[in-house]
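Structure first, then comments.
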Amino acid sequence: MKISFGTITITKESRKLISGILRAGRVSQGRYVRELEERFAALVGVKEAVAVSTGTDADILALAVLYDFGAKRQDEVIVPALSFVATGNAVLHAGFKPVFVDVKKDTLNINPHKIEEAITKKTRAIMPVHLMGKPAEMDTINAIARKYKLYVIEDAAEAHGALYKGRKVGSLSDMGAFSLYVAHIITTIEGGIITTDNIKFAEVLRSLRSHGRACKCRVCVLNTKSSYCPRRFKFGKKTDIRFIFERIGFSSKMNELEAAIGLGNMSIYKKILDKRRANLYYLMDKFDRFYPEIFTFKKEVYEEIGPHAFPVILGKKCAFSRNELADYLSKKGIDSRQLFSSMPTQCLGFKFLGYKKGQFPQAEYLGDHGLHIGVHQDMGRKECDYFLKTVESFLTKKN
Ligand SMILES: Cc1ncc(COP(=O)(O)O)c(C=O)c1O
């Protein structure tokens, strides 16, 4: 049997849309990107969504918005030590300094009780990550943010469909940044999207994704039949709004073909989500028998986990390494990924920040002892049982 890490469902609706887009030749960001934004905003329950090229860009642009609202370059942003490296990279690419806080081993998420000690005069924002779709402890994080007047941006890349106390992640803070990369529940192949209830943030985001232009329209007329823009010379005959660059921007638009893939996915979203969640919760339920040798995370009564993947963590006393387990799974046809790394102390690129090994014991432990496998919609009970049996046979061999 083969169990891939991810999958993609390209629906009939997407294929039809793609043919139409190619026939019309209107391929760059236009009405379909806008439709995706509107439907995604409705799904998360927020006023606005702004689509961009990648989930990393969603993180970067959400952070860069803060320069319009009082932040200065080189101000600090608090992030969990453990995440996919994109979270830390995004803070640096946006021009801020990442300040790392250790995670909790049982939730994989930032330890909110360690946040206050990391706050300085330069702190502007906290960026919790809902790792593996498990919501971060947002009530405590938001309370700290209110106390110190900080922005909160959720890195919700992996958390499509996650619920925290009845509310959707991506709607719990100033902005939510999602990845629409192929491994995620709603995918545009490559892509990202930022959700917010703040219309002003959304306007700045639309400017940022297009080089910092002064244009703020939700769909540019250039991408419609008319293509006449009544606003173009509104600022005087010599000034073209498209060539007024109000802020340092990025080139980060989504195109119509990508949006078409995403729209097809959105139409079957509930089906994909239910299938993946059934796989995840089934595996979580059956995994207790391997404790304490290996274990996974737990679900709180007030949350629903966004079923991105299934994390596996080695216990302290087990007699094998994470890579031995990953290698065994791979030989049996089961693809896995490591459970990321402590960015400041296990990712070489962050060495210049001067952190020392041992500063983030929980994140480092997970970086050395964790892996995750897919729970995607092309898997079912048969694949889950095969994975469980394979783990069991590995443990029997090792004991
Ligand atoms: C937590 C987290 N943040 C950011 C990203 C970046 O997303 P992308 O790969 O779409 O750039 C990812 C990737 O999936 C991620 O897992």
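Filtered by the rule that a residue be closer than 16 Å to PHE387 by Cβ and of a type in the set (A, V, I, L, M), the range 271-298 gives ALA278, LEU280, LEU283, MET284, ILE294. When the residues of the range 294-305 are narrowed to those that are in contact with a Gly (Cβ under 8 Å, 6 or more places away or on another chain) and under 16 Å from LEU339 (Cβ atoms), which ends up surrounded by the fewest Cβ atoms within 10 Å (Cβ to Cβ)? Checked the range 294-305; the qualifying residue surrounded by the fewest Cβ atoms within 10 Å (Cβ to Cβ) is PHE295.
Could you please let me know if ASP57 is within 16 Å of the ligand (Cβ to nearest atom) and charged (D, E, K, R)? Spelling it out, ASP57 is indeed within 16 Å of the ligand (Cβ to nearest atom) and charged (D, E, K, R). Can you give me the number of residues within the range 333-383 that are over 27 Å from VAL79 (Cβ atoms) and surrounded by fewer than 17 Cβ atoms within 10 Å (Cβ to Cβ)? Matching residues across the range 333-383 total 6. Tell me which residues, restricted to the range 342-389, are within 30 Å of TYR269 (Cα to Cα) and among the polar types (S, T, N, Q). Selection gives GLN377 alone. Remark: ALA326 matches the filter, which requires a residue to be within 15 Å of SER4 (Cβ to Cβ) and assigned by TED's automatic domain parsing to the domain that holds GLU293.
Once the range 44-53 is narrowed to residues that are out of contact with any Phe, Trp or Tyr (no Cβ under 7 Å at 6 or more places or on another chain) and not charged (D, E, K, R), the residue that is farthest from the ligand (Cβ to nearest atom) is GLY45. Exactly one residue among LEU36, LEU82, LEU92, LEU63 is within 16 Å of the ligand (Cβ to nearest atom), free of Cβ contacts under 8 Å to residues at least 12 places away in the same chain and under 18 Å from the mean Cα position of the chain (by Cα), and that residue is LEU92. In the range 179-196, the qualifying residues are those that are in contact with a Ser or Thr (Cβ under 7 Å, 6 or more places away or on another chain) and of a type outside the set (Gly, Ala, Ser), and the one that is surrounded by the fewest Cβ atoms within 10 Å (Cβ to Cβ) is GLU190. Among the residues of this structure, VAL169 does not count as one that is surrounded by fewer than 24 Cβ atoms within 10 Å (Cβ to Cβ), of a type in the set (A, V, I, L, M) and not assigned by TED's automatic domain parsing to the domain that holds TYR281.
Filtered by the rule that a residue be more than 16 Å from the ligand (Cβ to nearest atom), of a type in the set (D, E, K, R) and closer than 17 Å to GLY55 by Cα, the range 180-218 gives a lone residue, ARG206. Here ARG167 clears all of (1) under 20 Å from LYS253 (Cβ atoms); (2) touching a Gly at 6+ places or on another chain (Cβ under 9 Å) except the condition numbered (1). For the range 155-162, check the following and say yes or no: at least one residue is in contact with a Phe, Trp or Tyr (Cβ under 7 Å, 6 or more places away or on another chain), under 30 Å from THR11 (Cβ atoms) and not hydrophobic (A, V, I, L, M, F, W, C). Yes, because at least one residue in the range 155-162 is in contact with a Phe, Trp or Tyr (Cβ under 7 Å, 6 or more places away or on another chain), under 30 Å from THR11 (Cβ atoms) and not hydrophobic (A, V, I, L, M, F, W, C). For the range 1-36, filtering for residues that are part of a helix (DSSP H, G or I) and not hydrophobic (A, V, I, L, M, F, W, C) leaves 12.
The values are calculated or read from the model by the stated rules, or taken from the named source; none is laboratory data. Small disclaimer: the values here were computed from a predicted structure and weren't measured. For neighbour counting, all protein chains shown are included, and Cβ atoms are generated from backbone atoms with ideal geometry for every residue, glycine included.
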